[in-house]
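Report on the following structure.
The values are calculated or read from the model by the stated rules, or taken from the named source; none is laboratory data. The structure displayed is predicted, hence computed values, not measured ones. Positions of Cβ are backbone-derived with ideal geometry, glycine not excepted, and every protein chain shown enters the neighbour counts. SASA here: full protein model, heavy atoms, side chains in, ligands and nucleic acids out. Shrake-Rupley method; radii C 1.70, N 1.55, O 1.52, S 1.80 Å.
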Amino acid sequence: MNHDDTPQEEPAEHLRFWDYLSELEQVTEADEVDLVGEVLTDADQTMAQSAVLRHLDRRAADLHSGHAYESWAEKMTQATTHYPFLTRRLREWSLFRTITLRQPWRPDALLDSSDWLQLKTAEAANPAALEILADRGRTKRIRNTARANLKQQRRH
């Protein structure tokens, strides 16, 4: 018998992950904090935090340019306070928001941020941030992306 022909059962943590993502996509604003907290009680912390991270990224992408972002980010920061990676991602979304809305920000905050935020910012449209990342971005990919974006902006 060929083992490749035998259907494999999906591991339980994979099923829970997809269930959590589905629930998080449908959660109401009133129940969001409670659901995030519930997901984060899962015994498989890597899976649970990954599901919450996807949710935070999706919601922050939808909200970051509007007024609702600030209260949402505050609630989510409280819900994830014991999870350093998640709270860092929320801080970085807040910095991204500040940069894209062209509010005052510190270049060192951007340079000290993760590769994720630097690349996301290098793909955005703030010329001051692009200049900094083109010169001092952490990776070659970040620097090249920022340079290309700057070049494209100068053409328009």
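Observations on the model:
- Considering the stretch 1-115, the qualifying helices (runs of 4 or more DSSP H), each wholly inside and each with 1 or more residues that are free of Cβ contacts under 8 Å to residues at least 40 places away in the same chain and polar (S, T, N, Q), run over 12-26, 45-63, 68-79, 84-100.
- Looking only at the stretch 131-145, residues that are open to solvent by 30 Å² or more (accessible area, probe 1.4 Å) and either within 21 Å of F85 (Cα to Cα) or over 19 Å from the mean Cα position of the chain (by Cα) (or both) come to 9 in all.
- Residues that are hydroxyl-bearing (S, T, Y) and open to solvent by 50 Å² or more (accessible area, probe 1.4 Å) within the stretch 59-71 comprise S65, S71, listed in sequence order.
- The residues on offer are A122, A128, and the sole one that is under 20 Å from R154 (Cβ atoms), open to solvent by less than 30 Å² (accessible area, probe 1.4 Å) and among the small types (G, A, S) is A122.
- Identity of the residue in the stretch 43-58, in contact with an Asp or Glu (Cβ under 8 Å, 6 or more places away or on another chain) and open to solvent by 20 Å² or more (accessible area, probe 1.4 Å), that ends up farthest from E74 (Cα to Cα): D44
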